[in-house]
Every structure is written in structure tokens, then in C-alpha cells.
2 protein chains.
Amino acid sequence: MQDDLEVVREAADRDGLLDRIRRLVLGGDFPPGAVVPEAFLAQEFDVSRTPIREALKQLQHEGLVEIRPKVGTFVREPTRREIIELFQLKESLEGLAASLLARRGEVKELSVLRRNLEESEMAALTHDTDAYARLVHEFHWTIVRGSDNHKLVEHYERLMNQLAYQRLVLRTVEHPGRLEASTREHRAVLDMIEHKDPFGAESAMRNHVHASSREALTDPAQDRRS
Amino acid sequence: MQDDLEVVREAADRDGLLDRIRRLVLGGDFPPGAVVPEAFLAQEFDVSRTPIREALKQLQHEGLVEIRPKVGTFVREPTRREIIELFQLKESLEGLAASLLARRGEVKELSVLRRNLEESEMAALTHDTDAYARLVHEFHWTIVRGSDNHKLVEHYERLMNQLAYQRLVLRTVEHPGRLEASTREHRAVLDMIEHKDPFGAESAMRNHVHASSREALTDPAQDRRS
DNA sequence: GACGCTTCTGATGCATGCAACATAGGCTTT
DNA sequence: AAAGCCTATGTTGCATGCATCAGAAGCGTC
């Protein structure tokens with residue numbers, strides 16, 4: 001039993017090496033400059049450089065780091081322009097997801113979304129921004145997964161990874177009045193889905209993402225890189 | 001100079017290793033079963049297994065192959081369902097691209113698109129399906145690139161790679177009457193872009209992609225995997 | 001003092017070797 | 001003959017060593 005746990009844990013470490021490095025990069029523990037070299041990560045995770053290299057290549061492919069040949073691996077923070085581009089994509093993909101979910105009219109996710117919305121309203125009332133952020137996150141993911149389009153989920157995953165930098169997170173809930181507006185928009189989306197109105201759901205979702213992205217983009221912390 | 005050419009060629013080989021393997025996989029030269037092992041590719045391209053492994057990992061991440069740990073790498077042909085999913089994404093992304101391009105109202109790509117449309121009409125009249133397919137390909141790519149959203153281009157690239165299996169290509173032009181309809185739809189899209197009507201352009205593009213995907217999906221060669 | 005060249009260093013890129021494991025086929029047993 | 005075990009094989013996964021090269025620091029020249 002002890003052995004089993006050991007094996008499982010180590011296997012998880014191996015499988016999750018990419019994720020662990022990704023978290024390191026996204027977590028902001030590293031300067032936006034050069035990520036400590038492969039050798040460091042190798043020692044840190046107690047593996048050879050080879051799997052580290054593989055993981056870094058993936059991250060490069062995901063757009064999170066930039067590997068300059070023969071030089072090193074650098075944390076690749078998105079420019080303001082790229083953030084705008086990513087939000088445009090987000091709007092489109094989530095719109096599609098809402099549309100597909102509305103067309104399915106599946107019941108399972110509907111109850112989850114209803115419950116989520118209730119809790120969100122509660123969190124908004126008590127100004128529990130942490131809980132609210134988590135609920136928003138779940139709301140969007142539930143809809144995307146509920147689209148039942150796995151390729152869409154994959155692309156969305158990639159997209160969100162690029163938007164997952166610590167500095168960009170939780171911004172949408174820091175604006176006064178945004179919580180209430182956001183909740184209203186969520187309700188509008190859910191209404192359209194419940195009415196099995198794909199077009200309306202897509203429209204409502206796009207409006208919502210557009211609005212929330214505007215808030216995120218006006219955040220002063222982003223003026224750095226324009 | 002001779003040396004320079006050598007260096008450039010070899011550098012291109014290295015940079016393009018991923019592309020070359022991808023072409024091998026997409027080209028259908030391999031059975032849908034197991035891709036010949038890393039050692040074969042290593043010998044084929046006269047490199048070590050290490051860079052081969054890196055490339056294969058990328059392809060796995062792109063969804064083109066499946067790497068079963070300790071077993072081997074398998075060509076991963078998309079199921080019919082996945083093709084449907086991918087076309088839904090294509091519709092959404094190209095719709096977004098058309099919308100963005102219409103909003104920009106850029107002149108450069110407009111002339112390219114106009115010219116492309118003229119040549120397409122010519123190819124349709126002469127039933128030159130090869131030329132037509134190439135022109136359609138360029139038309140869509142011109143619009144996507146013209147969106148001036150590089151992240152969109154990246155995601156579109158990934159998407160198209162997954163749709164690039166040899167067996168799926170050129171299907172849309174094999175249906176009677178499709179060439180004319182397709183040309184009409186292209187013109188509608190271009191009209192909307194020229195009128196700087198983002199909403200109309202998106203709608204027209206989505207209609208077009210939807211129509212052409214329906215043709216592609218009704219192809220009998222796809223009934224195999226349902 | 002500034003500019004250009006050379007050397008030096010640190011990191012990556014790749015090749016190679018070995019161990020681990022999934023699968024297949026034969027072998028034993030019933 | 002069927003079922004289960006066991007060995008054999010082929011492949012991957014990883015560790016390590018070496019060559020290569022970008023960039024920096026030091027040196028010499030103008």
C-alpha cells in the first residue's frame with residue numbers, strides 16, 4: 001500500500017511535469033526575463049534535462065515561453081495587443097460553446113449552472129471576490145465543456161493557458177459594479193440556454209465576454225507593455 | 001556561397017523536421033496503424049532519436065498522433081465526430097476573421113481577394129478543380145491572416161493541420177454545383193468585407209463554411225469511421 | 001576614449017547507452 | 001484443447017557526455 005502510493009505519486013509527477021513547470025511559469029515566481037536554465041529545473045524536479053526539454057518545447061508551442069536557440073528559455077509575457085487578440089478568440093469560442101450547449105439542451109449542466117449562478121449571487125452580495133472569481137471560472141468552463149465539442153475544449157484550454165498569467169487573473173472582479181453586471185450577464189446567458197436558443201445564447205455570451213474583457217484590459221497594471 | 005547554401009539547407013532541415021514528419025503523417029504514406037518507430041524516422045532523416053521524439057511529442061499535442069507510453073506512436077485519424085467538431089471551430093474562427101477584416105477595411109488584402117475571386121470564377125468555368133482548390137485555400141487563408149490577429153492565425157493553423165489529412169482534402173470541390181455555389185458565397189463574403197460590415201461578413205463566412213463542411217461530411221469516403 | 005576583435009564562458013542541441021515495460025508467442029499445466 | 005504463466009523482443013523513457021554556438025568580457029588598436 002505504501003508502495004502503491006509511492007508509485008502513484010511518482011507517476012503523477014512524471015505525467016504532471018509539464019503542468020508543474022507551467023505553474024512555475026504562470027505563477028510569476030520567475031522574472032519576465034530568462035527562466036532559470038534547464039539544468040535548474042532538472043535538479044529542482046530531480047529528473048534529467050531531457051524530459052525538461054520536452055516540457056519546455058511544449059510550453060513554447062503553447063506560447064508561454066520563448067526558446068531562443070542556443071541561448072535559453074524566456075518567460076513570454078503577452079503584450080497588451082496579444083491579450084486583446086486572445087480575448088477576441090475567447091469571445092468567439094465561448095460564444096460557440098454557449099450556442100452548442102443551448103442546442104443540446106442538456107439537463108445535467110443546466111442544474112450545475114443554475115446552482116453556480118445562485119452561489120455567484122450570494123458571493124456578489126457578500127463581496128466575496130475570491131469565491132466569486134472561482135465561480136465565474138467554473139461557470140465558463142462548465143459551458144465550454146457542456147458544448148460537448150472536445151476539440152473546442154482543447155483549443156479553449158490552450159487559449160486560457162495563455163491568459164492564465166497571474167497578473168491577469170481576477171481582474172474582472174476588482175471593478176466596482178462589475179460583479180452585479182457580470183451576474184446579470186451570466187443570468188442572461190443561462191436564460192438563453194434554458195430557452196434552447198443557440199443564437200441568443202451565443203450573442204449573450206459574446207456580450208458578456210466582451211464586457212468583462214473590457215474591464216480586464218483597462219486595468220492599470222497592464223499599461224506596462226503596450 | 002556554396003557553403004552558405006549548405007548551411008541554410010541544413011538549418012531548414014532542422015527547423016522543418018516537425019513539418020516534414022507532419023507531412024509524412026498527413027500524407028497518408030503510413031497506415032492508420034502504428035507509425036514506424038522513432039528509430040526509423042531517425043534513420044530516415046539522419047538525425048538522432050532525440051529530435052524525432054521532440055517532434056512526435058508536438059504532433060501528439062497537435063492531435064495528429066497518439067503516443068501510447070512504452071508502446072509506440074500511432075497515426076491518429078480523426079473520427080467523423082471530431083471532423084464535425086473541427087468544422088464547427090473552423091466556422092467560428094473564420095467568422096471571427098472575416099469580421100475583424102471587415103472592421104479593419106484594409107485595402108491590401110481586398111485587392112488580393114478580388115483578384116483571387118476572379119481567378120476562382122475562371123477556374124470554376126473551366127472546371128479546373130485543382131486550381132480552384134488552391135484558390136479557395138488561399139482565399140480563406142488571406143482572410144484569416146487579414147484579420148491581423150496573430151493568435152487567431154495560430155489557432156487556425158493548428159485547426160487546419162488537424163483537418164489536413166490527405167483523405168479530407170479537396171472534397172468540397174468534387175460535388176456538382178458546389179463550385180458555383182462556393183464562388184457565390186465567396187463573393188458574398190467579399191462584398192460584406194468591402195462594405196465594412198463586420199456582422200454581415202461574419203455571417204456570410206459562417207454560412208459559407210457551414211455549407212462547404214456539409215459537402216465534405218457527406219462524402220462517402222468518410223463513412224468508414226462514424 | 002571608442003571601436004573592433006578575440007577569447008571565454010555558459011547554455012543549449014544532439015547522440016548514444018541502458019533500463020523499464022507492454023505486448024506477443026510459446027510453454028506448461030490441467 | 002483451453003487457460004494461465006513465462007519468457008523473449010521490440011520499443012520507448014531517461015540519463016549522460018560532448019560538440020556547438022550566442023553573448024559577454026577583456027584586450028588591443030586607432
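The values are calculated or read from the model by the stated rules, or taken from the named source; none is laboratory data. Treat the numbers as computed from the prediction; the structure is a model and nothing was measured. When we count neighbours, we look across all protein chains shown, and the Cβ atoms used for this are built from the backbone with ideal geometry, even at glycine. With ligands, DNA and RNA removed, areas are computed over all heavy atoms of the protein, side chains included. Shrake-Rupley method; radii C 1.70, N 1.55, O 1.52, S 1.80 Å.
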(request) Report, in cubic angstrom per residue, the convex hull volume of the C-alpha atoms of region B:1-158. (result) 180 Å³
(message) Using 0.36 nm times the number of residues separating residue B:71 and residue B:50, minus their current alpha carbon distance, what extension gain do you get?
(response) 5.9 nm
(message) Treating the point 7 Å from Cα along Cα-beta-carbon as the label, what are the nm separations from residue B:187 to the other copies, to one decimal?
(response) 4.9
(request) Using a Förster distance of 41 angstrom, determine the FRET efficiency expected from the C-beta separation of residue A:137 and residue B:122, and round it to 0.05. (result) 0.20
(message) For chain A, set up a GNM with springs between Cα atoms under 10 Å and report which of A:51, A:32, A:176 has the largest fluctuation.
(response) A:176
(message) Solvent-accessible area of residue B:202, probe 1.4 Å, all protein chains present, reported in Å² to the nearest ten, please.
(response) 20 Å²
(request) Along Cα→Cβ, 7 Å out, is where each label goes; now give me the distance between the ones at residue A:20 and residue A:129 in nm to one decimal. (result) 3.3 nm
(message) Taking the full set of protein chains and a 1.4 angstrom probe, give the accessible area of residue B:119 in square angstrom, rounded to the nearest 10.
(response) 70 Å²
(message) Looking at chain B as a GNM with Cα springs under 10 Å, which of B:44, B:82, B:118 has the largest mean-square fluctuation?
(response) B:44
(request) Determine the shape class of region A:80-222: with a ≥ b ≥ c the square roots of the Cα gyration tensor eigenvalues, call it rounded for a/c under 1.5, and otherwise prolate if a/b is greater than b/c, oblate otherwise. (result) oblate
(request) State, in square angstrom and to the nearest 100, the accessible area buried between chains B and A, both chains counted, probe radius 1.4 Å. (result) 2900 Å²
(message) As I understand it, the dipole of region A:80-222 uses +1 on the Cβ of Lys and Arg and -1 on the Cβ of Asp and Glu, about the Cα centre. Which of A:143, A:133, A:112 lies farthest toward its positive end?
(response) A:143
(message) I need the P(r) histogram for the protein assembly as shown: all alpha carbon pairs, bin width 10 Å from 0 out to the longest distance, whole percents.
(response) 4, 17, 26, 28, 18, 6, 1, 0
(message) As a test of reading the structure, rank B:134, A:53 by solvent-accessible area (1.4 Å probe, protein chains only), most first.
(response) B:134, A:53
(message) With the label 7 angstrom out along Cα to Cβ, how close does residue B:39 come to the same site in each of the other copies, in nm, nearest first?
(response) 3.3
(request) Could you give the size of the charge dipole of the protein assembly as shown about its Cα centre, using +1 on the Cβ of each K and R and -1 on the Cβ of each D and E, expressed in debye and rounded to the nearest 20? (result) 220 debye
(request) Run down the lysines and flag those whose C-alpha is under 28 Å from the C-alpha of residue B:90, throwing out any fewer than 8 positions away in its chain. (result) A:57, A:90, A:108, A:151, A:196, B:57, B:108, B:151, B:196
(message) Can you compute the equivalent ellipsoid semi-axes for region A:96-162, i.e. the square root of 5 times each eigenvalue of the Cα gyration tensor, sorted largest first and rounded to whole Å?
(response) 23, 16, 7
(request) Could you look at the protein assembly as shown and say what percent of its accessible area is carbon and sulfur, using a 1.4 Å probe and all protein chains? (result) 53 percent
(message) I need the inter-copy label distances for residue B:157: point set 7 Å along Cα to C-beta, values in nm with one decimal, smallest first.
(response) 2.1
(message) Tell me the mean residue ellipticity at 222 nm calculated for the protein assembly as shown from its helices only (DSSP H runs of n ≥ 4, each -39500 (n - 2.57), averaged over every residue, nearest 500).
(response) -23000 deg cm²/dmol
(request) Any chance you could check region A:27-74 for residues losing 40 Å² or more of accessible area when the partner protein chains are in, compared with the chain on its own (1.4 Å probe)? (result) A:54, A:57, A:58, A:61
(message) Running a GNM on chain B with Cα contacts under 10 Å, which residue among B:102, B:216, B:42 ends up with the highest mean-square fluctuation?
(response) B:42
